[in-house]
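Here the structure comes first, spelled out in structure tokens, and everything after it is commentary.
The values are calculated or read from the model by the stated rules, or taken from the named source; none is laboratory data. Just so we're clear, the structure is a prediction, and the values are computed from it rather than from any experiment. Neighbour counts are summed over all protein chains in view; Cβ atoms, including those assigned to glycine, are modelled from backbone coordinates with ideal geometry. In case anyone asks, the SASA skips ligands and DNA or RNA and just uses the protein heavy atoms, side chains included. Shrake-Rupley method; radii C 1.70, N 1.55, O 1.52, S 1.80 Å.
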Amino acid sequence: MWLAAQGRLASQPRLGRQGRVVGADLLTVAVDGLRPSLALGERVALLKPIGPTVAEAVSIGRNGARCVVFGEIGQVAAGDVAEVVESQSLAVCDGWRGRVVDPMGNPLDRLGPLPQALTARAARAAAPPAATRQRLGPATGVGVRVLDAFCTLREGQRLGLFAASGIGKSTLLATLARAAAFDTVVLGLIGERGRELREFIEDDLGPEGLARSVVVCATSDAPAATRREAGYAALAIAEYFRDAGQRVLLLLDSVTRFALACREIGLAAGEPPATRGYPPSVFRELPALLERAGPGGPGAGSITALLTVLVEGDDHDEPIADAVRGILDGHVVLDRRIAESGRYPAVDVLRSLSRSVPGCLTPDQARLARRARQVLALRDEVADLVRLGAYRAGADTAVDEALRLAPRVEALLHQARGEVSTLEEAFAGLAVAINDAPA
């Protein structure tokens, strides 16, 4: 009899945890009546005739939970049923390469349903334990001479691209996406213009680049929760391929817009603005996201990450840029003055740094890079005197040499859009320029 009763109970539809919407504003909804109460990070489906809208709890109080909505909030009304659902997970598999998806794992490319793995991955996860992570791998060429020669990357490194708007960050990312040293590229477009998605895929990536890439996109008009989720989804997808033993290149554009989405959510949850309007949770979310990139544990591959940071008003000490610079393994500064002079990529060599360089260059390569930096630094130091006619050739042999060699180094740093070089070619060209040998 007891077994029969169990069978009848199992066949009955299960009632989920349900509550009601008791309030809403432009960014969040208030949900009450759930027993037990929602926990931070739990998600509910707001049931509407036109279909459910998912929301996530970001603040818990005596009068229920306040949730940020992933979809349109305009259709939500007081009294709507809110039912608890499972947290976001992504059933990533090899078949995702060549596809464009949204942060929830839905296809955006009209190529049909995505293939699904048997086991899904949580979009939010902890970084591999620090004590068991592998060390950075060997030097890796990324196809851009100025980066290969002066900010050499190692496999598993995380490097930030810092620039104001309109200096060529996205164009540089397109070149990096074609780097041949990686098995899979994961590209996260967070808060970008909607029209740029197809342009980037069709003009910059091209069919060959897209075939080994997964693109995650949340445009600038998407809700803050969706834009924030794009960062987590891109990391989860990259982690799948890393755990499969692959060398993954992760490109995020941009970390700043991820932080702005976190700021919107934190302020809506009632956090106080602490640093230039950013609530404290933003500076917890940034390392939680970025530390997931890098080398994996024993037997795993690596995630080499290149992340753009949009500095406000060319202020490289603003809170997000300062925080990200302290987390990453190096920074590349793109300068508007260099861009306006016509050199692409507009990398300011003297302000850019890769912290992994001492461990990956040969003595000859390190000597070349150091000598080239000295030449460019001395040229910049006397540039005003030369323009004013206050310096005469022959007054200082070191200055004369810098003025003669700097244009050769600058010519090497210029790279046409779509042109790809190798690590060996970068240092060979630098040797020709610095040693003043015949080109």
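The residues of the chain expose, per residue, 46 Å² of accessible area to a 1.4 Å probe. Potential lengthening of the chain between LEU111 and VAL22 amounts to 28.1 nm, from the contour at 0.36 nm per residue minus the alpha-carbon distance. As I understand it, the dipole of region 199-319 uses +1 on the Cβ of Lys and Arg and -1 on the Cβ of Asp and Glu, about the Cα centre. Which of GLY206, VAL255, ALA269 lies farthest toward its positive end? Going by the charge dipole, the pick is ALA269. The stretch between ALA120 and ASP396, if pulled fully straight at 0.36 nm per residue, gains 92.8 nm over its current Cα-Cα span. For the residues GLU318, GLU285, GLU208, a GNM of the chain with alpha-carbon springs under 10 Å puts the largest fluctuation on GLU208. These residues, GLU239, GLU410, GLU202, go from largest to smallest accessible area, 1.4 Å probe, as GLU202, GLU410, GLU239. For region 228-346, the equivalent ellipsoid derived from the alpha-carbon gyration tensor has semi-axes of 25, 22, 11 Å in decreasing order. Restricting the calculation to Cα atoms, every distinct pair contributes to the Kirkwood radius of region 355-412, found to be 12.6 Å.
A protection proxy built from the mean count of other Cβ atoms within 10 Å ranks the segments 422-435, 177-190, 370-383, 100-113, most packed first, as 177-190, 422-435, 370-383, 100-113. Sparsely packed loop sites in region 25-87 (the GluC sites (Glu not before Pro) outside DSSP H, G, I, E and B with at most 16 other Cβ atoms within 10 Å) comprise GLU72, GLU86. Quick check: Cα centre of region 64-100 to Cα centre of region 218-271, how many Å? Computed from Cα coordinates, the inter-centre distance equals 15 Å.
Only one item in (i) 42, 33, 18; (ii) 30, 28, 24; (iii) 48, 24, 18 matches semi-axes √(5λ) of the Cα gyration tensor in Å derived from the coordinates shown, and that item is (iii).
Between region 285-315 and region 318-396, what is the C-alpha centre distance in whole Å? So the two Cα centres are separated by 23 Å. Stretching LEU350 away from ALA428 to a fully extended chain increases their span by 26.0 nm, per 0.36 nm per residue minus the current alpha-carbon distance. Within region 384-415, the trypsin sites (Lys or Arg not before Pro) that combine a DSSP coil assignment with at most 11 other C-beta atoms in a 10 angstrom radius are ARG392.
Computed over protein heavy atoms with a 1.4 Å probe, the carbon and sulfur contribution to the accessible area of the chain reaches 54%.
For q = 0.12, 0.20, 0.22 Å⁻¹, what log10 I(q)/I(0) does region 341-439 give under the Debye formula with an equal point scatterer on each alpha carbon and no solvent? Evaluating at q = 0.12, 0.20, 0.22 Å⁻¹ gives log10 I(q)/I(0) of -0.44, -1.14, -1.31. Of the trypsin sites (Lys or Arg not before Pro) in region 253-360, the ones in a loop by DSSP (not H, G, I, E or B) with at most 15 other beta carbons within 10 Å are ARG276. In this structure TYR391 has an accessible area near 50 Å², from a 1.4 Å probe over the protein heavy atoms.
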